[in-house]
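For reference, the structure discussed in these notes is given below.
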Amino acid sequence: MKRSGTTASPRRRLPKALTTSSPARPARQKLDADAGRVTLAIITGAHGVGGEVKLKLFTEDLSAWRTFNDGALTLTSHRRTMARFAEASDRTAAEALRGTALTIARADLPPLPDGEYYHADLIGLRVQTPDGTCIGRIIAVENFGAGDLIEVERPDGKLFMAPFTPEAVPAWDAERLILDPIFAG
């Protein structure tokens with residue numbers, strides 16, 4: 001089974017992960033579960049005096065989308081990690097956008113070939129052993145450069161991480177992820 005994880009655009013290896021705005025917290029992919037939305041980038045601050053903003057990207061290419069947050073923000077131009085929105089005409093307006101997540105509906109992401117996945121599709125999956133014992137739920141997907149790691153929350157609230165490799169995860173589908181008990185922290 002081919003494995004490749006992505007946040008918002010298909011990739012073969014080493015996908016980007018979402019991050020929180022806190023520099024002390026590691027990269028984290030999250031899905032806004034109540035709205036079925038996926039975050040493609042976060043505005044990290046203003047750049048210059050003309051309303052441009054700096055972005056932390058969680059996709060390879062933002063150019064496929066023009067509107068974000070249900071039409072609240074309209075992208076007018078971007079250069080990799082810099083962008084300009086119609087709603088921010090000066091530095092003050094750009095600074096006000098700091099921390100804003102740029103989201104789209106999960107349904108707006110393109111379909112993937114078999115064996116590939118979006119990180120957002122793993123989050124919330126039930127994790128169980130091959131014999132069916134429930135271990136917990138996936139709360140995050142991390143990637144620190146050596147491959148995807150799933151962060152699992154046990155029913156008692158304790159967390160552990162496991163590699164998303166064929167040895168650790170022999171199977172997964174839209175309902176559950178099977179994790180070898182050796183990797184269950």
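The values are calculated or read from the model by the stated rules, or taken from the named source; none is laboratory data. This one's a predicted model, so the numbers in the text were calculated from it and none came from an experiment. All Cβ positions, glycine included, derive from the backbone under ideal geometry; neighbour counts span all protein chains shown.
Tell me, yes or no, whether segment 161-171 has at least one residue that is touching a residue at least 12 places away in the same chain (Cβ under 8 Å) and of a type in the set (Asp, Glu).
Yes, segment 161-171 contains at least one residue that is touching a residue at least 12 places away in the same chain (Cβ under 8 Å) and of a type in the set (Asp, Glu).
So which strands (runs of 3 or more DSSP E) stay within segment 83-176 end to end and still have 2 or more residues that are of a type in the set (Ser, Thr, Tyr)?
Numbers: elements: 101-105, 116-118, 126-128, 134-143, 148-153, 159-163.
Filter on segment 83-176 gives 116-118.
Taking the stated definitions as given, is SER63 among the polar types (S, T, N, Q) and touching a Gly at 6+ places or on another chain (Cβ under 6 Å)? Spell out the reasoning first.
Numbers: among the polar types (S, T, N, Q): yes; touching a Gly at 6+ places or on another chain (Cβ under 6 Å): no.
Against the criterion (among the polar types (S, T, N, Q) and touching a Gly at 6+ places or on another chain (Cβ under 6 Å)), SER63 does not qualify.
Given the conditions (1) modelled with pLDDT of 50 or more; (2) in contact with a strand residue (DSSP E or B) (Cβ under 8 Å, 6 or more places away or on another chain); (3) of a type outside the set (Ser, Thr, Tyr), and given that LYS16 satisfies all but one, which numbered condition is not satisfied?
(1)
Which of (1) without any contact (Cβ under 8 Å) to a residue 60 or more places away in the chain; (2) surrounded by fewer than 17 Cβ atoms within 10 Å (Cβ to Cβ) does ILE135 not meet, given it meets every other one?
So the condition that ILE135 fails would be (2).
For residues that are surrounded by 12 or more Cβ atoms within 10 Å (Cβ to Cβ) and hydroxyl-bearing (Ser, Thr, Tyr), scanning just segment 75-95, find the one that is farthest from ALA46 (Cα to Cα).
Just the residues of segment 75-95 that are surrounded by 12 or more Cβ atoms within 10 Å (Cβ to Cβ), to begin with: 75-76, 78, 81-91, 93-95.
After this cut, where a residue has to be hydroxyl-bearing (Ser, Thr, Tyr) as well, the list is 76, 81, 89.
Values: THR76: 15, THR81: 12, SER89: 11 Å.
The extreme case among them is THR76.
Would you confirm, using the coordinates I've provided, whether VAL53 is touching a residue at least 24 places away in the same chain (Cβ under 8 Å), over 28 Å from ILE139 (Cβ atoms), in a loop (DSSP other than H, G, I, E, B) and of a type outside the set (Gly, Ala, Ser)?
Numbers: touching a residue at least 24 places away in the same chain (Cβ under 8 Å): yes; over 28 Å from ILE139 (Cβ atoms): yes; in a loop (DSSP other than H, G, I, E, B): no; of a type outside the set (Gly, Ala, Ser): yes.
Against the criterion (touching a residue at least 24 places away in the same chain (Cβ under 8 Å), over 28 Å from ILE139 (Cβ atoms), in a loop (DSSP other than H, G, I, E, B) and of a type outside the set (Gly, Ala, Ser)), VAL53 does not qualify.
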